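The structure appears below as structure tokens.
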There are 2 protein chains.
Amino acid sequence: MIHSFLMIGQSNMAGRGRLSDVPSIKNSRLFMFRNGRWQPLSEPVNCDRPFAGISLAASFADEYSKNFDVDTGLIPCADGGTSLDDWGVGGQLYSHAVFQTQLARRVSEVKGILWHQGEADSETEENAVTYGVRFLKILRALQKECGLESAPVIVGELGQFLADMPGQECKFFPLVNKALVETAEASPDIALASSQGLVSNGDNLHFDSESLREFGRRYFQKYTELTNGGR
Amino acid sequence: MIHSFLMIGQSNMAGRGRLSDVPSIKNSRLFMFRNGRWQPLSEPVNCDRPFAGISLAASFADEYSKNFDVDTGLIPCADGGTSLDDWGVGGQLYSHAVFQTQLARRVSEVKGILWHQGEADSETEENAVTYGVRFLKILRALQKECGLESAPVIVGELGQFLADMPGQECKFFPLVNKALVETAEASPDIALASSQGLVSNGDNLHFDSESLREFGRRYFQKYTELTNGGR
């Protein structure tokens, strides 16, 4: 049975890397969830917008599949530009993600959650300082409703390049990153992948394709650490 | 509130028209359902496969929006290559469509169902002659589960060009078309759009982009006839 992972968060989980900037991943054991069924993976996996592109989830899945010799599927639920408030328990994005996961559980073993989000909560100090508490509230509700209480959760730091956004729109991002570090340290089921050295596609908001491939490998590394190498 | 329509069926509802063959539709009142929320419509609307393209649903929505002066949304649930058996009550495709519709009902008024399917049931005589009964069983269950018992349903004939498929894979398509005609005649809430004169994109399986634009207009014409010009 396919091992699957939920993709959740905002644009850097959906993926905005240019498709032409990296070779496509050749691995016939990778799948993506479409209309409740598994289809061969091709990018963009998470078609939230017409300009969706390379996501970190594809190289994560590739590493997972190769290391554990297993068919691996992605459940795309990330949505560009969305804040934690947009992901509120019982809201549209949340309900969609819960249902997709429940539907995927019929035809796969959901092995974990891949989360990348927080740019939209870096715009005000109030949202940034309360990020950790608000994130955990949503995550725990989602896990419970999906029957994934014991599933590993991998989150990723926001890009350091947010400091260079011309309008400083995300200027409180270090507070969100701090919240992510503290949340992961305090939670045995959550691990944090570093964004150290990863670069933007030029807009200082989105990771570029090469960086997303690397980020996915870091997510996988954290997954193996969290699970002591298990699958 | 947005008026919305469910897109359901197989590849010719999902849409396989080449994107470059027709001008894109410019209408800021058109939306598509993504992750439980409404986004500005752009094609492909129904991203079931990497090669999804122009669908008949976009020009239907454009006509609807302009004629009734209302924001109009599409709920993409069609999936290429799928048979009625694949759409069986309680199955993955069915469950996905029911949930999407329920989620859309929170944020729109679902006004009808757009169906195009049957090529996959044209491959054997047994499936083709039993099409009408099996179609209605699924449709009625879906409508009930979605709370859409009184919603108009527009279906479309299969392409006449199926007769020219080199391997005659869909050779029983006239029986499916006959079933669609009879079903529409016997059902006050179902209308059938003709495929007369519409042409293929070259594979004698899929309608081309121009034909899909016209097909969508025919679907809308049938919608107005069915509802006596109401919205």
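For the range A:88-99, a residue qualifies if it is without any contact (Cβ under 8 Å) to a residue 60 or more places away in the chain and within 16 Å of the chain's Cα centre (by Cα), and the qualifying residues are A:Leu93, A:Tyr94, A:His96, A:Val98. Each residue in the range A:17-59 was checked for being of a type in the set (A, V, I, L, M, F, W, C) and more than 27 Å from B:Ser95 (Cβ to Cβ), and 6 pass.
How many of the residues making up the range B:35-81 are in contact with a Lys or Arg (Cβ under 9 Å, 6 or more places away or on another chain) and β-branched (Val, Ile, Thr)? Residues that pass the stated criteria total 3.
The range A:1-111 holds strands (runs of 3 or more DSSP E) entirely within its bounds, and those carrying 2 or more residues that are among the hydrophobic types (A, V, I, L, M, F, W, C) map to A:3-9, A:30-34, A:72-76.
Of the residues that make up the range B:100-108, is at least one at negative phi, without any contact (Cβ under 8 Å) to a residue 60 or more places away in the chain, buried (at least 22 other Cβ atoms within 10 Å of the Cβ) and not aliphatic (A, V, I, L, M)? No, the range B:100-108 has no match at all.
Residue count for the range B:109-145 under the criterion of being touching a strand residue (DSSP E or B) at 6+ places or on another chain (Cβ under 7 Å) and away from chain A (no Cβ under 14 Å): the result is 9. The residues listed here are A:Lys111, A:Lys66, A:Lys137; of these, the one that is within 15 Å of the chain's Cα centre (by Cα) and at pLDDT 95 or above is A:Lys111.
The residue that is least open to solvent (accessible area, probe 1.4 Å), counting only those in the range A:25-44 that are of a type in the set (S, T, N, Q) and more than 9 Å from every other protein chain (Cβ to nearest Cβ), is A:Asn27. Within the option set B:Gly81, B:Gly73, being among the small types (Gly, Ala, Ser), under 30 Å from A:Leu93 (Cβ atoms), crowded, with 23+ Cβ neighbours inside 10 Å and modelled with pLDDT of 95 or more holds for one residue only, B:Gly73.
Would you check if A:Ser55 is under 14 Å from the mean Cα position of the chain (by Cα) and among the hydroxyl-bearing types (Ser, Thr, Tyr)? It is true that A:Ser55 is under 14 Å from the mean Cα position of the chain (by Cα) and among the hydroxyl-bearing types (Ser, Thr, Tyr). Screening B:Ile190 with (1) closer than 13 Å to B:Asp121 by Cα; (2) touching a strand residue (DSSP E or B) at 6+ places or on another chain (Cβ under 8 Å); (3) among the β-branched types (Val, Ile, Thr) gives one miss only, at (1).
Taking residues in the range B:170-192 that are closer than 13 Å to B:Thr130 by Cα, and partners anywhere that are at pLDDT 95 or above and open to solvent by 70 Å² or more (accessible area, probe 1.4 Å), the pairs with Cβ atoms closer than 6 Å and at least 6 places apart or on different chains are B:Phe172/B:Glu125; B:Leu175/B:Val129. Taken together, the criteria exclude A:Ala193 from residues that are small (Gly, Ala, Ser), open to solvent by 10 Å² or more (accessible area, probe 1.4 Å), out of contact with any Cys (no Cβ under 7 Å at 6 or more places or on another chain) and at pLDDT 95 or above.
Please find, within the range A:177-231, the residue that is farthest from A:Ser108 (Cα to Cα) out of those that are in contact with a helix residue (DSSP H, G or I) (Cβ under 8 Å, 6 or more places away or on another chain), of a type in the set (Val, Ile, Thr) and in a helix (DSSP H, G or I). Ranking the candidates gives A:Thr183 first.
Residue check: B:Glu149 meets all listed conditions (1) at pLDDT 95 or above; (2) more than 14 Å from every other protein chain (Cβ to nearest Cβ) but one, namely (1).
Selection within the range B:45-67: residues that are open to solvent by 30 Å² or more (accessible area, probe 1.4 Å) and touching a residue at least 24 places away in the same chain (Cβ under 8 Å). The member of this set that is farthest from the other protein chains (Cβ to nearest Cβ) is B:Asn67. Answer yes or no: is there a residue in the range B:128-137 that is open to solvent by 40 Å² or more (accessible area, probe 1.4 Å) and either in a loop (DSSP other than H, G, I, E, B) or free of Cβ contacts under 8 Å to residues at least 12 places away in the same chain (or both). For the range B:128-137, residues open to solvent by 40 Å² or more (accessible area, probe 1.4 Å) and either in a loop (DSSP other than H, G, I, E, B) or free of Cβ contacts under 8 Å to residues at least 12 places away in the same chain (or both): present. Scanning the range A:12-24 for residues being within 12 Å of chain B (Cβ to nearest Cβ) and either of a type outside the set (A, V, I, L, M, F, W, C) or under 16 Å from the mean Cα position of the chain (by Cα) (or both) gives a total of 3. I'd like to check something: does the range A:96-108 contain any residue that is more than 14 Å from every other protein chain (Cβ to nearest Cβ) and over 13 Å from A:His3 (Cα atoms)? Looking for residues that are more than 14 Å from every other protein chain (Cβ to nearest Cβ) and over 13 Å from A:His3 (Cα atoms), one finds none in the range A:96-108, hence no. A:Leu162 falls short on exactly one of the conditions (1) surrounded by 15 or more Cβ atoms within 10 Å (Cβ to Cβ); (2) not in a helix (DSSP H, G or I), and that condition is (2).
The values are calculated or read from the model by the stated rules, or taken from the named source; none is laboratory data. Not measured: the values here are computed from a predicted model. Quick reminder, even Gly has a Cβ in these numbers, built from the backbone with ideal geometry, and neighbours come from all protein chains shown. Note: areas computed on protein heavy atoms with side chains; ligands, DNA, RNA excluded. Shrake-Rupley method; radii C 1.70, N 1.55, O 1.52, S 1.80 Å.
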